[in-house]
Amino acid sequence: MAPFAHEFPFDPAHGLALADLLRVPAPDAPGDFAAFWRERHAEARAVATAPQVGPAEEERDGVRLHGVTFTSVGGVRLGGWLALPVDGPAAHGFVVGHGYGGRGEAGPDVPLPLPASAAILPCVRGTGSRSLLPGVPDDAAGHVLHGIGSRDTYVIGACAADLWCAASALQELLPGLAGPGRLGYLGESFAGGLGALALPWDDRFAAAQLTVPTFGNHPLRLTLPCVGSGESVRAHHREHPEVTEVLRYFDAATAAARLELPTLVAAALFDPAVPPPGQFAVHNALPGPRELEVLSAGHFGHEGLARETAALARRRTRFFRRWL
């Protein structure tokens, strides 16, 4: 039985217990998977990001938040926020992704995992209030299908590149954080999957947290109903089964098998938006130092949510204190 009462027309636990989820594998990679992603990464690293910082917008949780813009692949100008320590220089740096809800003008969630930290919190292309683009749908169901007909045009690849360019912008703005192994990554849901895709190829990152990551094990995801962006992909696949060949290059679990950074994964047993087997496939594939925080539920309000959120925040601090 599902652990929570709900009104979804399917079981968000998909009948699987923790022992089952810990056995979900990653799909095999295409032969040129690594070459494809390394080429995308090289293209992004060659971009002159030309970051520009706006005036301070607010101050809270030990940081001062500024608007920031930077250039990403294709000459696209993106926006987001830059968080700077209120007192003293930044000792740590983070790139912080966002879920498919985007980021509104309320700004990003803080605090950051470690004191004396700076962070760039970008809105990837077509999302949030600061990176909307003509022709790119800003709703999850439309965005996740944009350019899906080819691996070279699929928006998910460009969004991963936006994270690499955000890292470049942060290191340009704060030269004290430049160089390999100086950054941490935080990504939840959509950004959890993007992080798994982006991080194996970038030596600037020392550690990562991926919370309820999406895009894991696409062949299995295509069989599992949900209320998230995966349902849009499932519907598209029914009319265009050939899309499976494109999705092979954007599988977060396949990429995670090449992610050797210390990684903390928070994966849920019950999740109506991101099927749990895909989340656990990302964790299970990791070859490097890894930690797992098992959540009762993701994308779902429940009585223990505040307690689990606080526990995860404490573990995140311990994790990044060890590795960053």
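Some points to look at:
- Tally, over region 106-139, of residues that are under 18 Å from residue 70 (Cα atoms) and assigned to a loop (DSSP other than H, G, I, E, B): 14
- Residue list for region 140-158, restricted to those being assigned to a helix (DSSP H, G or I) and more than 15 Å from residue 244 (Cβ to Cβ): 140, 141, 142, 143, 155, 157, 158
- Taken over region 220-243, the criterion of being part of a helix (DSSP H, G or I), in contact with a helix residue (DSSP H, G or I) (Cβ under 7 Å, 6 or more places away or on another chain) and surrounded by fewer than 21 Cβ atoms within 10 Å (Cβ to Cβ) is satisfied by 220, 232, 236, 237, 243.
- Looking only at residues in region 158-181 that are surrounded by fewer than 21 Cβ atoms within 10 Å (Cβ to Cβ) and touching a Phe, Trp or Tyr at 6+ places or on another chain (Cβ under 9 Å), the one that is nearest to residue 42 (Cα to Cα) is 180.
- Counting residues in region 159-176 that are of a type in the set (D, E, K, R) and either in a helix (DSSP H, G or I) or at pLDDT 95 or above (or both) gives one or more.
- Residues of region 205-219 that are part of a loop (DSSP other than H, G, I, E, B) and among the small types (Gly, Ala, Ser): 216 alone.
- Total residues in region 303-324, condition in contact (Cβ under 8 Å) with a residue 60 or more places away in the chain, outside any helix (DSSP H, G or I) and exposed (fewer than 15 other Cβ atoms within 10 Å of the Cβ): 0
- Entry remark, region 233-279: residues being without any contact (Cβ under 8 Å) to a residue 60 or more places away in the chain, small (Gly, Ala, Ser) and over 17 Å from residue 187 (Cα atoms) number 1 in total.
- Exactly one residue among 17, 5, 29 is more than 18 Å from residue 170 (Cα to Cα), over 23 Å from the mean Cα position of the chain (by Cα), hydrophobic (A, V, I, L, M, F, W, C) and at pLDDT 95 or above, and that residue is 17.
Yes/no matrix, rows are residues, columns are (1) within 20 Å of residue 323 (Cα to Cα); (2) modelled with pLDDT of 95 or more; (3) crowded, with 23+ Cβ neighbours inside 10 Å:
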{"position": "101", "(1), (2), (3)": "no, no, no"}
{"position": "109", "(1), (2), (3)": "no, no, no"}
{"position": "117", "(1), (2), (3)": "yes, yes, yes"}
{"position": "121", "(1), (2), (3)": "no, yes, yes"}
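The values are calculated or read from the model by the stated rules, or taken from the named source; none is laboratory data. Since this is a predicted model, take the numbers as computed values, not measurements. Glycine also receives a Cβ, built like all others from the backbone with ideal geometry; neighbour counts cover every protein chain displayed.
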